[in-house]
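What follows is a single structure, written as structure tokens, with notes after it.
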Amino acid sequence: MKQPDNTFSFDNAEDSSGFLLWQVTNLWQREIKKALEQYDLTHSQYVLLASTHWLALQNHEVTQILLSTHTKIDPMTTSTVLRTLQAKGLLMRQEHSTDTRAKTVALTDAGKQVIKKAVVAVEDFDRKFFSVLGDDSNLFNKKLRALLAYKG
């Protein structure tokens with residue numbers, strides 16, 4: 001029964017989509033962190049390295065702005081994380097050939113070696129984690145894409 005001073009619209013915390021998403025995200029991120037420890041990568045570093053690799057495989061000229069847009073990581077954070085990855089010797093950044101305001105990004109050989117192994121580890125974990133969805137995984141991904149379209 002709802003208490004008179006209860007400001008929540010839910011009788012049960014588990015009925016809140018936001019609270020459930022927060023819990024699942026924290027669980028998933030905790031496990032991803034464990035999967036990436038052996039590669040000395042944070043999750044943000046992994047996402048930017050993997051996205052650099054992915055976009056290069058799609059024949060895109062990879063820039064910091066493209067990475068920021070693709071990953072939905074803000075441009076300042078993207079730049080900071082890329083600087084760290086550059087210091088680790090995993091990628092190179094250089095001025096764009098035609099746009100002096102832009103920087104292009106490319107993986108080094110060491111970066112390619114690391115990200116190829118890390119992708120296998122993360123995809124293996126994701127398969128196990130999301131296997132509880134069974135045949136509903138495609139619908140789940142469709143719903144996540146719908147949430148990503150939220151404009152506020």
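The values are calculated or read from the model by the stated rules, or taken from the named source; none is laboratory data. Owing to the predicted nature of the structure, the values given are computational and were not obtained by experimental measurement. Neighbour counts run over all protein chains shown; Cβ positions are idealised from the backbone, glycine included.
Observations
- Applying a threshold of 7 Å to beta carbon distances and a minimum spacing of six or more residues, or different chains, the list of pairs starting in segment 24-48 at a residue that is under 30 Å from E14 (Cβ atoms) and ending at one that is of a type in the set (D, E, K, R) and assigned to a helix (DSSP H, G or I) reads H43/K33.
- Here L139, L148 are screened, and the one residue that is exposed (fewer than 11 other Cβ atoms within 10 Å of the Cβ) and closer than 26 Å to T52 by Cβ is L148.
- Residues that are over 26 Å from F129 (Cα atoms), outside any helix (DSSP H, G or I) and basic (K, R) do occur in segment 95-105.
- Some residue of segment 102-123 being among the hydroxyl-bearing types (S, T, Y) and more than 19 Å from L144 (Cβ to Cβ): yes
- Close pairs (9 angstrom Cβ cut-off, 6 or more residues apart or separate chains): in contact (Cβ under 8 Å) with a residue 12 or more places away in the chain and closer than 21 Å to T25 by Cα in segment 111-135, part of a helix (DSSP H, G or I) and among the β-branched types (V, I, T) anywhere: V122/I32; F125/I32; F129/I32
- Verdict on S9 being surrounded by 12 or more Cβ atoms within 10 Å (Cβ to Cβ) and either closer than 28 Å to Q113 by Cα or without any contact (Cβ under 8 Å) to a residue 24 or more places away in the chain (or both): no
- Annotation note: Cβ proximity below 7 Å between a residue of segment 89-104 that is closer than 16 Å to S68 by Cα and a residue that is surrounded by 10 or more Cβ atoms within 10 Å (Cβ to Cβ) and modelled with pLDDT under 75 (sequence gap 6+ or interchain) occurs for A102/H96; K103/H96; T104/H96.
- Residues in segment 10-61 that are at pLDDT below 95, in contact with a Ser or Thr (Cβ under 6 Å, 6 or more places away or on another chain) and among the aliphatic types (A, V, I, L, M): none.
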